[in-house]
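K.L.:
Let me begin by handing over the structure; questions about it come next.
The values are calculated or read from the model by the stated rules, or taken from the named source; none is laboratory data. Small disclaimer: the values here were computed from a predicted structure and weren't measured. Cβ placement follows ideal geometry from the backbone for every residue including glycine, while neighbour counts extend to all protein chains displayed.
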Amino acid sequence: MVIGSRRARPDGATVAATATAVLMALALGMIFFYVPTDVDQGYSQRIFYFHVPIALTTYTLFLWSALNAARYLWRRDPSLDLKSYVPMHLGVIFGSLTLATGSLWARISWGTWWFWGDTQLTTFLIIFLFNCAYFMLRFSVEPGERRATYSAVYALLGVGLIPLSVIGVRFAQRNELIHPITFNSNGANMDGSMFLTFLVALAAMLSLAVTMYLVELRGKRIDDRIRAIRRLAEART
Amino acid sequence: MRAYRALLRKDLLLEWRGRELVPAMLAFVLGAMVLVRFGLGGETLAGGTRAATGLLWVIVVFTSMLALVRSFAQEREHGIWDGLLSTPADRSAIWAARATATFLFLALTQVVAVPLFWLFFLQEGRSPSLGVLVAALLLADLGVAMLGSLLAGLATHVRAREVLLPVMFLPFMLPLVTVAVRLTVDTISPQTRGFHTSQGLGFLALYDTIFGLLGWALFEFVVED
Amino acid sequence: MSSSDPAIRCDAVSRRYGERLALDRVSLEVQPGERVLLTGGNGAGKTTLLRMLATVLRPHEGALAVAGHPLPREARRVRPLVGYLGHEPLVYPGLTAGENLELYAALQGAAPDRVGAALELVGLERRRGDLASNLSRGMRQRLALARAVLHRPRILLLDEPTTGLDDDGRERLRGLLAAHDGTAVISTHEPEWFAPLHVRRIALAEGRLA
């Protein structure tokens with residue numbers, strides 16, 4: 001175990017960071033200069049190109065967290081616990097950004113900061129509460145196998161919660177006409193350039209998430225190794 | 001199966017002898033309803049039957065919290081977990097028995113709560129469909145009992161259990177209650193009666209199925225050390 | 001389990017509680033039919049080891065096998081073979097002695113008529129209908145012992161079984177152990193009392209073999 005070894009190839013995090021920078025630049029350029037202004041909603045509609053990709057990235061992070069949670073329960077490999085925790089942690093950040101951009105969009109489009117009738121926002125609120133509970137759970141238990149197990153179980157429950165939230169809130173509100181429907185069963189409701197911009201923005205957000213994931217993972221691994229070294233040093237004395 | 005029956009019998013027997021949980025839940029329900037009824041004032045409840053129905057569900061949720069926090073209290077206080085876990089019995093049987101017992105306690109509480117609710121809050125001709133309400137309550141009770149027993153098992157070894165369990169449970173209650181309220185409130189006025197009722201009940205059944213399966217599969221991990 | 005497998009085998013087994021090592025690379029072997037005493041002060045790791053053998057706790061490092069079955073992978077196969085007496089009596093205070101044993105008989109897959117036999121073995125046959133909370137500490141300990149032998153396990157794991165027992169109870173324990181033709185691992189603070197039973201001693205200190 002050598003810390004700080006120099007490798008010939010750049011590691012994953014650096015590659016991802018580079019890709020993110022490129023994609024972000026491209027996306028921002030397309031959002032502000034390439035894509036035509038929306039007929040119905042005007043210039044502020046461009047928030048859509050941030051809000052929805054961020055929302056989708058949040059969902060992806062949760063799924064990734066749950067996947068690693070299941071793998072942890074199967075293998076009991078501590079690194080999988082970390083790989084489940086980090087996306088959940090990033091999910092808070094991206095989730096908050098989803099709520100923030102959603103709220104901003106609501107403000108600009110309809111004049112209110114919040115609208116309970118909006119299914120997307122309400123669903124994300126539920127998910128946000130789930131996230132907070134996840135962290136409360138994690139902080140209430142000593143680090144170790146038990147904490148990892150509990151976190152994994154709760155993460156898996158959360159993944160059950162997400163589709164139920166979406167369906168349930170939609171049932172209860174039953175006025176999704178408020179939230180602009182851009183995707184329906186016929187496919188994307190947008191013309192070519194808008195769809196392309198959306199895809200680039202989505203790729204940029206996912207790339208950002210991957211970068212942050214790899215960076216945080218690496219940071220936490222180094223933390224763990226320092227802790228292990230300290231433990232070894234104490235055992236020897 | 002034998003283990004499940006024996007464990008369920010144990011839970012029911014202990015509650016019958018000790019009589020701690022169900023009376024507490026009944027007292028809470030009665031107290032809450034009286035408080036709301038008189039607190040919100042006089043003859044007519046602001047918002048009418050619709051608001052009252054929503055309130056009923058809120059009271060149901062809080063009552064189930066009472067039941068859940070006390071789950072596995074005996075096993076924890078007297079260190080009996082080791083006794084149960086060292087036997088060959090399926091851990092899921094422990095979960096299933098507890099979920100069944102909790103479901104029965106909740107349903108029992110509502111047998112009292114629903115008539116009270118009718119008495120206190122409802123006016124002639126403007127009430128939710130009793131059949132739908134009962135069906136929704138039973139389905140909701142089942143979901144709460146199953147998911148709640150899993151979370152209670154998880155929280156059993158955690159320090160801040162009394163605070164953590166409600167916090168962990170809340171996000172899962174929200175879709176359940178949202179649908180249940182909408183479902184039952186819709187049955188009040190003739191225009192929306194029958195509208196989406198089957199969808200709403202179907203959602204509750206889906207909720208129960210998902211968390212039933214997850215509870216069955218995950219309880220083992222939660223109690224292992 | 002083949003006849004050549006040891007009843008219990010530990011290979012550098014470790015178990016951590018937070019930062020503290022409760023068991024530190026413990027290796028030992030117990031042959032079928034042997035009687036082993038675990039001695040050591042408080043915190044030596046005796047309870048942790050017994051709980052691990054009872055499949056209630058998992059090893060964090062090392063290899064552990066009971067009757068040839070590796071733990072924790074084959075824990076399900078091990079559970080019917082072991083009878084565990086814990087630090088606590090492991091009985092429900094709100095149930096009678098008989099009801100407690102009936103519950104455990106169902107959980108352990110023992111025939112219901114074993115309940116009466118087990119109660120007789122520990123001398124509680126006349127207290128069958130008494131609530132466990134109304135039994136004295138010594139009687140509850142006897143009930144716990146009955147619980148451990150209900151399903152006639154091949155391997156007994158007893159954590160300080162003499163605690164709280166009166167003279168009659170102790171005699172019954174000795175008789176029970178003498179008649180038990182399987183393996184027994186017993187943790188105790190009074191090893192001399194077990195001497196007539198031809199036991200081997202294993203001493204633990206601070207999680208390690210002393």
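K.L.:
Under the condition of being in contact with a Lys or Arg (Cβ under 9 Å, 6 or more places away or on another chain) and surrounded by fewer than 19 Cβ atoms within 10 Å (Cβ to Cβ), which residue from region B:12-29 is nearest to the other protein chains (Cβ to nearest Cβ)?
P.N.:
Filtering region B:12-29 down to residues in contact with a Lys or Arg (Cβ under 9 Å, 6 or more places away or on another chain) leaves B:20-21, B:24.
Next, from what is left, pick out any that are surrounded by fewer than 19 Cβ atoms within 10 Å (Cβ to Cβ): B:20, B:24.
Details: B:E20: 10, B:A24: 16 Å.
By that ranking, first place goes to B:E20.
K.L.:
Under 8 Å by Cβ, and 6 or more places apart or on different chains, what pairs join a residue from region A:91-104 that is at pLDDT below 90 with one that is of a type in the set (D, E)?
P.N.:
The qualifying pairs are A:G102/A:D118.
K.L.:
Kindly evaluate B:R182 against the criterion of being among the basic types (K, R) and within 30 Å of A:R146 (Cα to Cα).
P.N.:
For B:R182, the condition - among the basic types (K, R) and within 30 Å of A:R146 (Cα to Cα) - is not met.
K.L.:
Another question about this same structure. Suppose the filter is within 14 Å of chain C (Cβ to nearest Cβ), buried (at least 20 other Cβ atoms within 10 Å of the Cβ) and among the β-branched types (V, I, T); does B:T87 pass it?
P.N.:
Values: within 14 Å of chain C (Cβ to nearest Cβ): yes; buried (at least 20 other Cβ atoms within 10 Å of the Cβ): yes; among the β-branched types (V, I, T): yes.
Taking the combined requirement at face value, the residue satisfies it.
K.L.:
While we're on this one: Is it the case that C:G68 is surrounded by fewer than 19 Cβ atoms within 10 Å (Cβ to Cβ) and either touching a Pro at 6+ places or on another chain (Cβ under 8 Å) or in contact (Cβ under 8 Å) with a residue 60 or more places away in the chain (or both)?
P.N.:
Details: surrounded by fewer than 19 Cβ atoms within 10 Å (Cβ to Cβ): yes; either touching a Pro at 6+ places or on another chain (Cβ under 8 Å) or in contact (Cβ under 8 Å) with a residue 60 or more places away in the chain (or both): yes.
Judged against the criteria, C:G68 is a match.
K.L.:
Which condition does C:R152 not pass, out of (1) within 15 Å of the chain's Cα centre (by Cα); (2) more than 10 Å from chain B (Cβ to nearest Cβ); (3) buried (at least 16 other Cβ atoms within 10 Å of the Cβ), if it passes all the others?
P.N.:
(3)
K.L.:
Sticking with this structure for a sec: Only one of (1) more than 14 Å from every other protein chain (Cβ to nearest Cβ); (2) touching a strand residue (DSSP E or B) at 6+ places or on another chain (Cβ under 6 Å); (3) more than 17 Å from C:A203 (Cβ to Cβ) is not met by C:T39, so which one is it?
P.N.:
Answer for C:T39: the failing condition is (3).
K.L.:
Since B:I94 meets every condition but one in (1) buried (at least 20 other Cβ atoms within 10 Å of the Cβ); (2) within 17 Å of the chain's Cα centre (by Cα); (3) modelled with pLDDT of 90 or more, which condition does it not meet?
P.N.:
The failed condition is (2).
K.L.:
Pairs only if they're at least six apart or on different chains, beta carbon under 6 angstrom, first in region A:195-217 and surrounded by fewer than 18 Cβ atoms within 10 Å (Cβ to Cβ), second outside any helix (DSSP H, G or I); list them, first residue then second.
P.N.:
Pairs that qualify, where the first residue is surrounded by fewer than 18 Cβ atoms within 10 Å (Cβ to Cβ) and the partner is outside any helix (DSSP H, G or I), are A:F195/A:A188.
K.L.:
Of the residues C:L49, C:L85, C:L23, which is closer than 30 Å to C:R137 by Cβ, modelled with pLDDT under 90 and crowded, with 22+ Cβ neighbours inside 10 Å? Give the derivation first.
P.N.:
Details: C:L49 fails: modelled with pLDDT under 90; C:L85 fails: modelled with pLDDT under 90.
It is C:L23.
K.L.:
Further question: Any idea which residue in region B:158-173 is surrounded by the fewest Cβ atoms within 10 Å (Cβ to Cβ), counting only those that are more than 18 Å from B:L106 (Cα to Cα) and at the interface with another protein chain (Cβ under 7 Å from one of its Cβ atoms)?
P.N.:
So in region B:158-173, the residues more than 18 Å from B:L106 (Cα to Cα) come out as B:158-164, B:167-168, B:171.
Filter again for at the interface with another protein chain (Cβ under 7 Å from one of its Cβ atoms), leaving B:158-160, B:164, B:167-168, B:171.
Numbers: B:V158: 19, B:R159: 11, B:A160: 14, B:L164: 21, B:V167: 16, B:M168: 28, B:P171: 22.
Among residues in region B:158-173 that are more than 18 Å from B:L106 (Cα to Cα) and at the interface with another protein chain (Cβ under 7 Å from one of its Cβ atoms), the one surrounded by the fewest Cβ atoms within 10 Å (Cβ to Cβ) is B:R159.
K.L.:
If I ask for residues that are part of a helix (DSSP H, G or I) and either basic (K, R) or in contact with a His (Cβ under 9 Å, 6 or more places away or on another chain) (or both), which ones from region B:5-33 would you list?
P.N.:
Let us first name the residues in region B:5-33 that are part of a helix (DSSP H, G or I), namely B:5-18, B:21-33.
B:R5, B:R9, B:K10, B:R17 - these are the residues of region B:5-33 that are part of a helix (DSSP H, G or I) and either basic (K, R) or in contact with a His (Cβ under 9 Å, 6 or more places away or on another chain) (or both).
K.L.:
Restricting region B:59-84 to residues that are in contact with a Phe, Trp or Tyr (Cβ under 8 Å, 6 or more places away or on another chain) and among the charged types (D, E, K, R), which is nearest to the other protein chains (Cβ to nearest Cβ)?
P.N.:
Residue satisfying both the conditions and the ranking: B:D82.
K.L.:
Hey, another quick one. Which residues, counting only those in region B:136-181, are basic (K, R) and either within 15 Å of B:G200 (Cα to Cα) or free of Cβ contacts under 8 Å to residues at least 24 places away in the same chain (or both)? It would help to see each step written out before you state the result.
P.N.:
Step one: of region B:136-181, the residues basic (K, R) are B:159, B:161.
B:R159, the sole residue that qualifies.
K.L.:
Which residue is modelled with the lowest pLDDT, if the candidates are limited to region B:197-225 and must be more than 30 Å from B:V158 (Cβ to Cβ) and surrounded by 17 or more Cβ atoms within 10 Å (Cβ to Cβ)? Can you show your working first?
P.N.:
Of region B:197-225, the ones more than 30 Å from B:V158 (Cβ to Cβ) are B:197-203, B:205.
Now restrict to residues that are surrounded by 17 or more Cβ atoms within 10 Å (Cβ to Cβ): B:197, B:200-201, B:203.
Working: B:T197: 81, B:G200: 85, B:L201: 88, B:F203: 90.
Ranking the candidates gives B:T197 first.
Residues checked against (1) part of a helix (DSSP H, G or I); (2) under 14 Å from the mean Cα position of the chain (by Cα); (3) of a type in the set (A, V, I, L, M, F, W, C); (4) more than 20 Å from B:V185 (Cα to Cα):
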residue: B:L104; (1), (2), (3), (4): yes, yes, yes, yes
residue: B:Q110; (1), (2), (3), (4): yes, yes, no, no
residue: B:G131; (1), (2), (3), (4): yes, no, no, no
residue: B:V134; (1), (2), (3), (4): yes, yes, yes, no
residue: B:A140; (1), (2), (3), (4): yes, yes, yes, no
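K.L.:
Here is a follow-up. I want to confirm something. Restricting to region A:125-143 and keeping residues that are in contact with a Gly (Cβ under 9 Å, 6 or more places away or on another chain) and more than 7 Å from every other protein chain (Cβ to nearest Cβ), which single residue is farthest from A:G91 (Cα to Cα)?
P.N.:
Restricting to residues being in contact with a Gly (Cβ under 9 Å, 6 or more places away or on another chain) and more than 7 Å from every other protein chain (Cβ to nearest Cβ), the top hit is A:P143.
K.L.:
Of all the residues that make up region C:7-58, how many are out of contact with any helix residue (DSSP H, G or I) (no Cβ under 6 Å at 6 or more places or on another chain) and part of a loop (DSSP other than H, G, I, E, B)?
P.N.:
Qualifying residue count for the region: 14.
K.L.:
Can I ask one more? Among (1) modelled with pLDDT under 90; (2) among the hydroxyl-bearing types (S, T, Y); (3) under 18 Å from the mean Cα position of the chain (by Cα), there is one condition B:T63 misses while meeting the rest; what is its number?
P.N.:
Result: B:T63 passes all but (1).
K.L.:
While we're on this one: Quick check on my filter: what residues within region C:135-161 are assigned to a strand (DSSP E or B) and among the acidic types (D, E)? Break it down stepwise before answering.
P.N.:
Narrowing region C:135-161 to residues assigned to a strand (DSSP E or B): C:155-159.
Scanning region C:135-161 gives a single hit, C:D159.
K.L.:
Let me ask another. Is region B:150-163 home to any residue that is assigned to a helix (DSSP H, G or I) and within 27 Å of B:I188 (Cβ to Cβ)?
P.N.:
Residues of region B:150-163 that are assigned to a helix (DSSP H, G or I), as a first pass: B:150-155, B:161-163.
Cutting the leftovers down to within 27 Å of B:I188 (Cβ to Cβ) gives us none.
No, the conditions are met nowhere in region B:150-163.
K.L.:
Residues in region C:104-134 that are assigned to a helix (DSSP H, G or I) and away from every other protein chain (no Cβ under 13 Å): how many? Before the answer, list the steps.
P.N.:
Start the filter on region C:104-134 by keeping residues that are assigned to a helix (DSSP H, G or I), which leaves C:104-108, C:114-122, C:125-127, C:132-134.
After this cut, where a residue has to be away from every other protein chain (no Cβ under 13 Å) as well, the list is C:114, C:116-122, C:125-127.
Residues flagged as assigned to a helix (DSSP H, G or I) and away from every other protein chain (no Cβ under 13 Å) within region C:104-134 amount to 11.
K.L.:
So which of B:L108, B:L45, B:L56 is buried (at least 18 other Cβ atoms within 10 Å of the Cβ), at pLDDT 85 or above and more than 14 Å from chain C (Cβ to nearest Cβ)? Reasoning before the result, please.
P.N.:
Working: B:L108 fails: buried (at least 18 other Cβ atoms within 10 Å of the Cβ); B:L45 fails: at pLDDT 85 or above.
Matching residue, one of B:L108, B:L45, B:L56: B:L56.
K.L.:
Further question: Go through A:L97, A:L61 for me and flag whichever is in contact with a Pro (Cβ under 8 Å, 6 or more places away or on another chain), assigned to a helix (DSSP H, G or I), over 26 Å from C:Y17 (Cβ atoms) and more than 13 Å from chain B (Cβ to nearest Cβ). Spell out the reasoning first.
P.N.:
Details: A:L97 fails: in contact with a Pro (Cβ under 8 Å, 6 or more places away or on another chain).
It is A:L61.
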